[in-house]
1. Considering chain B as a Gaussian network with a 10 Å cut-off on Cα pairs, which listed residue, B:ILE109, B:ILE76, B:ILE35, attains the greatest mean-square fluctuation?
2. Please compute the modelled spin-label separation between B:SER125 and A:SER134, points set 7 Å along Cα→Cβ, answer in nm with one decimal.
3. Do the sum for chain B: with -39,500 (n - 2.57) for every DSSP H run of n ≥ 4, divided by all residues, what is the mean residue ellipticity at 222 nm, to the nearest 500 deg cm²/dmol?
4. Just tell me how shielded B:40-53 is by partners: mean number of partner chain Cβ atoms within 10 Å of each residue's Cβ, no decimals.
5. Considering chain B as a Gaussian network with a 10 Å cut-off on Cα pairs, which listed residue, B:GLY108, B:GLY97, B:GLY12, attains the greatest mean-square fluctuation?
6. Using θ = phi - 60° and the Karplus form 6.51 cos²θ - 1.76 cosθ + 1.60, what ³J(HN,Hα) does each residue of the range A:3-8 get, whole Hz, x for Gly and Pro?
7. Within 10 Å of each Cβ in A:109-119, how many Cβ atoms from other chains are there, averaged over the peptide?
8. What order do you get for A:38-46, B:99-107 when each peptide is scored by the mean count of other beta carbon atoms within 10 Å, highest first?
Amino acid sequence: MHTNIIALVSGIIFGIGLCVSQMVNPAVVIGFLDVTGDWDPRLAFVMIGALLVTGTSFPLILKRRQPLCAAEFSVPANKVVDRPLVLGAVLFGIGWGLSGICPGPAVTALAFGLEKSVIFAVAMFAGMGLFKRSRH
Amino acid sequence: MTQPLWEAFIGGILIGIAATVMLLFNGRITGNSGIIGGLWTIRKDKQHWRMFYAAGLIIGAGIYGSLHPGPVPLVINAPVPALIIAGFLVGYGTRLGSGCTAGHGVCGIARLSKRSIAATLIFMSTAVVTVWIVKQF
């Protein structure tokens, strides 16, 4: 039960962060990716802010024997840059560049009820479902 | 660009805090694509925390929206057919590549994961090239 509450709180903070930083706005993301145009540096500041926190906290937390509300850490152990990683990142990059939307903002934006947000989120969830089917 | 840069920075810090809370208490990486994609199997694996997290994202935006003076700026310029293709690519690609901007970009780089650093460089540069190509039409 505790883990559900923690996940809810983490989601709420993340959602507010995406809104405050404007990462939830696809036009801002496209403005950052459009390096040959009128470049919008905001996304870089979002990444710097986030990495300042996680870059400090993660190494400290991972020194602990276990997390506070779970038996063990569930952190990826794979260290190999393999084909699925590269191909997946390329496909994601194309989709992200076309839309300006990545998974967190896709769900967060549903709060504002735009039709296009819903269309994107449904297509994304379908893509995730297809991947799941292809693996089982 | 009317928004000051420090707001982007503060937003980033909040995102970092959210990921820190998740790792410290639940021992998990805040990978949005993994958590959302995991909703497909929630009935079987009973990982209900994923649903709580996804609901939190929407509630967080709702809280922001209710405090924000005027409408929250949200501009989606891509036409609907492009959005459908893009959504599908983002969904499939992040699952195949084991992560997105959050899991690889914010959490993985903080762990100095070679896979996450590689993935972030690849999806960032692919997205930059995609935006440039779209601009040519």
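1. B:ILE76
2. Inter-label distance under the simple model: 2.3 nm.
3. Working: 6 runs with 85 residues, N = 137.
So the helix-based figure for chain B works out to -20000 deg cm²/dmol.
4. Numbers: counts 6, 3, 0, 0, 0, 0, 0, 3, 4, 12, 3, 4, 10, 12.
If you average over the peptide's residues, the count of other-chain Cβ atoms is 4.
5. B:GLY12
6. With coefficients 6.51, -1.76 and 1.60, one gets 5, 5, 5, 4, 4, 4 Hz.
7. On the way: counts 6, 5, 12, 9, 2, 3, 2, 9, 3, 0, 6.
Partner Cβ neighbours, averaged per residue: 5.
8. On the way: A:38-46: 18.4, B:99-107: 29.0.
With the highest mean Cβ count within 10 Å placed first, the list reads B:99-107, A:38-46.
Coordinate-derived values only; no laboratory data. Source: prediction; values computed, not measured. A quick note on method: Cβ atoms are made from the backbone with ideal geometry, for glycine too, and the neighbour counts reach across all protein chains shown.
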